[in-house]
Amino acid sequence: MKKFAPILILAVLGGIAFLVISNPPEADRHTPVDGPQMTVDVIPVSKTSYRVKLESYGTVQPRTQSMLVAQVGGEITSINGSLRDGGFFEKGEELLSIDSRDYLADVKISEASLMDAKQSLAEQEARAVQALEDWDRLGNKGEAPDLVLRKPQLLAAESRVISAESALDKAKLKLERTRIVAPYAGRVMSRQVDLGQVVNSNSPLAEVYAVDFVEIRLPLRNRDLAFIDLPEDYRFENQEENIGPEVTIYSELSGGTTWQGRVVRTESAIDDHARQLHVVAQIDDPFGARARGKPPLKIGQYVTAELTGSLLEEALVIPNRAIYQGSYVYIVVEDVLQRREISIAWQNQKEAIISEGLEEGDMLVLTSLGQVSSGVRVRLSQNSLDTEHSTVMSSSQSTTLGLN
């Protein structure tokens with residue numbers, strides 16, 4: 001048995017090998033699909049006139065803001081009812097007053113000193129005239145010396161009059177400064193004093209700001225600077241004529257209300273921290289908006305801005321959703337997908353202007369494709385076919401009109 005065992009094993013293995021060779025495994029092969037594998041939406045790329053709208057943001061700030069400071073000391077005797085946080089006032093309106101009795105007395109003292117100085121001057125003038133008469137009466141020849149004619153005494157008396165007049169003007173000015181008058185029509189941001197409080201010279205009284213204009217400092221991205229005309233022309237004699245583009249202001253705080261303004265100036269240097277150029281937009285009469293059915297702007301309110309940029313002729317504009325990884329798109333050529341590398345000249349949150357990679361008439365794919373390579377056959381959706389047909393008809397009509 002030991003002699004025949006290897007022979008039996010070889011016989012069994014040979015039988016198995018014969019069965020495998022005579023019955024080879026067959027792969028389950030399918031006929032390759034030549035038809036389209038997916039349906040896509042496309043739009044024809046076309047050149048159009050496009051107005052660039054730049055986006056920015058900032059906070060509302062007053063154009064004119066002041067700290068009212070006491071120029072004289074004393075007790076506060078009256079306060080205007082409008083001098084409260086948020087109160088409005090008109091130009092020239094008295095906001096508060098300081099006890100003026102001491103300053104009124106100083107005015108009377110200065111008036112008395114002035115009258116005394118004028119009396120002394122009159123005496124010296126009379127003595128000078130008398131001295132000249134005496135010189136002539138005594139038969140003196142030549143011109144009388146200044147000391148004989150009392151000219152030094154006359155000049156001293158005139159100086160005392162001038163000094164007394166200046167002292168009176170100064171006393172009147174201090175008396176006038178006991179009334180704190182609004183330098184412009186404005187609004188109170190904060191008040192630091194109250195009735196009966198004694199203040200010294202240079203004591204802060206209230207912080208106010210003008211309500212004629214507000215300003216918003218807006219940063220611009222470096223790539224946006226080529227698409228906006230900024231007011232930087234120094235040749236204007238009147239810089240108010242050197243105004244920039246229009247600005248539309250939005251705020252979530254006001255429920256989507258918009259305000260219209262203009263860029264009035266460009267800052268002279270790049271911001272050291274943000275490394276961006278800032279422009280300043282101005283909005284006229286921001287607190288009169290309520291009469292126009294709008295809520296007024298608030299100082300410190302955060303807003304977004306849309307600046308009107310340049311008008312581009314024959315621009316290729318496509319939606320952002322057609323762009324992959326910011327560098328390529330898909331187009332359809334004879335029902336086959338093709339990948340195109342593109343260069344973006346400018347882009348916002350919705351659209352992009354293409355400088356290279358696309359041509360007018362290319363069928364741009366809008367359908368999100370995911371992991372798809374070039375060369376895949378596709379079918380155009382019905383909407384895409386209708387759009388393509390409308391474009392062709394419109395182009396044909398334009399050509400016909402042009403020939404006529």
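Structural remarks
- The stretch 42-127: C-alpha gyration tensor shape, a/c 1.5 cut-off, then a/b vs b/c: prolate
- Label-reachable residues, the stretch 146-177, where backbone N falls under 19 Å from a point 7 Å from residue 130's Cα toward its Cβ: 146-158
- Shape call, the stretch 49-200: gyration tensor on alpha carbons, a/c limit 1.5: oblate
- Sorted fewest first by neighbouring Cβ atoms within 10 angstrom, 377, 321 come out as 321, 377.
- Stretchable slack from residue 294 to residue 41, in nm (0.36 nm times residue separation minus alpha-carbon distance): 86.9 nm
- Measuring against 20 Å, Cα to Cα, the residue pairs 294/350; 108/151; 118/174; 108/172; 47/350; 118/170 contain 294/350; 108/151; 118/174 as the ones spanning a longer distance.
- Farthest toward the positive end of the dipole of the stretch 48-125, out of 64, 78, 48, is the Cα of 48, where the dipole comes from beta carbon charges about the Cα centre.
- Once the chain from residue 170 to residue 311 is taken as fully extended at 0.36 nm per residue, the excess over their C-alpha distance is 44.7 nm.
- Approximate spin-label separation residue 59-residue 159, in nm, with each point projected 7 Å along Cα-to-Cβ: 5.7 nm
- Annotation: the residues 45, 247, 148, 214, sorted from fewest to most other C-beta atoms within 10 Å of their own C-beta, follow the order 148, 45, 247, 214.
- Centre separation in Å (Cα based) which lies between the stretch 115-166 and the stretch 45-78: 62 Å
Throughout, read-outs are computed from the coordinates displayed, never taken from laboratory work. None of the values given here were measured: they were computed from a predicted structure. Glycine also receives a Cβ, built like all others from the backbone with ideal geometry; neighbour counts cover every protein chain displayed.
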